[in-house]
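S.K.: Sharing a structure here in structure tokens format.
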Amino acid sequence: MPLPKHPRVVITGAASGLGRALALELASRRAKLLLADLNDEGSQETARLVASAGGEAHTVRCDVSRSDDVAELVGEADRALGGVDLVVNNAGVCAGGQVGEIPLSDWAWILGVNLWGDSIRSPVSGSGDRL
């Protein structure tokens, strides 16, 4: 299914790296963006860059591993964008070291963000209470 001429897009992990690059590419297509990240300063910088590239961006602080934050993200997407045409589940984290030496708390953090956060409780899947 093709995107509309001016898509409404939610991007998680939008404060830097690939999330920022995708935001800028979509800005060149005059997209209306909701940039979600834990890094408020980085998200604001991405929003400034998006505006300079001709797009429109709103920012929201969101920890995708927290269902309450994701629920707020869904509400903000409705308020700021009036609906969503595309969700870019880009947020991700990692830890370094030997597998057996990485604390279980780090594994919980990694799985919370990379697995449960982006693939299950996304704005597309709705409430996040089922797969």
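The values are calculated or read from the model by the stated rules, or taken from the named source; none is laboratory data. In this text the structure is predicted, and so the values were computed from the model without any measurement. Note that each Cβ is placed from the backbone with ideal geometry, even for glycine, and that neighbours are counted across all protein chains shown. Note: areas computed on protein heavy atoms with side chains; ligands, DNA, RNA excluded. Shrake-Rupley method; radii C 1.70, N 1.55, O 1.52, S 1.80 Å.
S.K.: Given the options Ala31, Ala27, name the one that is without any contact (Cβ under 8 Å) to a residue 60 or more places away in the chain and touching a Pro at 6+ places or on another chain (Cβ under 7 Å).
M.R.: Checking each option against the conditions leaves just Ala31.
S.K.: Condition (residue is out of contact with any helix residue (DSSP H, G or I) (no Cβ under 9 Å at 6 or more places or on another chain) and outside any helix (DSSP H, G or I)) applied to the stretch 86-98: is it met by at least one residue?
M.R.: yes
S.K.: Residue by residue through the stretch 58-67, note down the ones that are within 17 Å of Val9 (Cβ to Cβ) and open to solvent by less than 40 Å² (accessible area, probe 1.4 Å).
M.R.: Listed by number, the residues that qualify are Val60, Cys62, Val64.
S.K.: Please go through the stretch 73-89 and give me each residue that is of a type outside the set (D, E, K, R) and either surrounded by 13 or more Cβ atoms within 10 Å (Cβ to Cβ) or at pLDDT below 90 (or both), ordered by number.
M.R.: Scanning the stretch 73-89 gives Leu73, Val74, Ala77, Ala80, Leu81, Val84, Leu86, Val87, Val88, Asn89.
S.K.: Report the residue count in the stretch 26-61 for those that are modelled with pLDDT under 95 and in contact with a Ser or Thr (Cβ under 7 Å, 6 or more places away or on another chain).
M.R.: 2
S.K.: For the stretch 71-117, which residues satisfy the criterion of being closer than 28 Å to Glu56 by Cβ and among the polar types (S, T, N, Q)?
M.R.: Of everything in the stretch 71-117, those that are closer than 28 Å to Glu56 by Cβ and among the polar types (S, T, N, Q) turn out to be Asn89, Asn90.
S.K.: How do the pairs read when you match residues in the stretch 86-104 that are at positive phi with residues anywhere that are exposed (fewer than 12 other Cβ atoms within 10 Å of the Cβ) and assigned to a loop (DSSP other than H, G, I, E, B), using Cβ under 8 Å and keeping only pairs 6 or more apart or on different chains?
M.R.: none
S.K.: OK, next. Residues of the stretch 47-68 being closer than 12 Å to Ala36 by Cβ and touching a strand residue (DSSP E or B) at 6+ places or on another chain (Cβ under 8 Å), which ones?
M.R.: Selection gives Ala47, Ala57, His58, Thr59, Val60, Arg61, Cys62, Val64.
S.K.: Can you tell me which residues in the stretch 34-57 are buried (at least 17 other Cβ atoms within 10 Å of the Cβ) and either within 12 Å of the chain's Cα centre (by Cα) or in contact (Cβ under 8 Å) with a residue 60 or more places away in the chain (or both)?
M.R.: Answer for the stretch 34-57, where residues must be buried (at least 17 other Cβ atoms within 10 Å of the Cβ) and either within 12 Å of the chain's Cα centre (by Cα) or in contact (Cβ under 8 Å) with a residue 60 or more places away in the chain (or both): Leu34, Leu35, Ala36, Asp37, Leu38, Ser43.
S.K.: So Gly92 clears everything in (1) under 17 Å from Ala15 (Cα atoms); (2) at pLDDT 95 or above; (3) open to solvent by 40 Å² or more (accessible area, probe 1.4 Å) except one condition, right? Which one?
M.R.: With respect to (1) under 17 Å from Ala15 (Cα atoms); (2) at pLDDT 95 or above; (3) open to solvent by 40 Å² or more (accessible area, probe 1.4 Å), Gly92 is out only on (2).
S.K.: Next question, about the same structure. Open to solvent by 30 Å² or more (accessible area, probe 1.4 Å), closer than 19 Å to Trp116 by Cα and touching a Pro at 6+ places or on another chain (Cβ under 9 Å): does that describe Val70?
M.R.: Judged against the criteria, Val70 is not a match.
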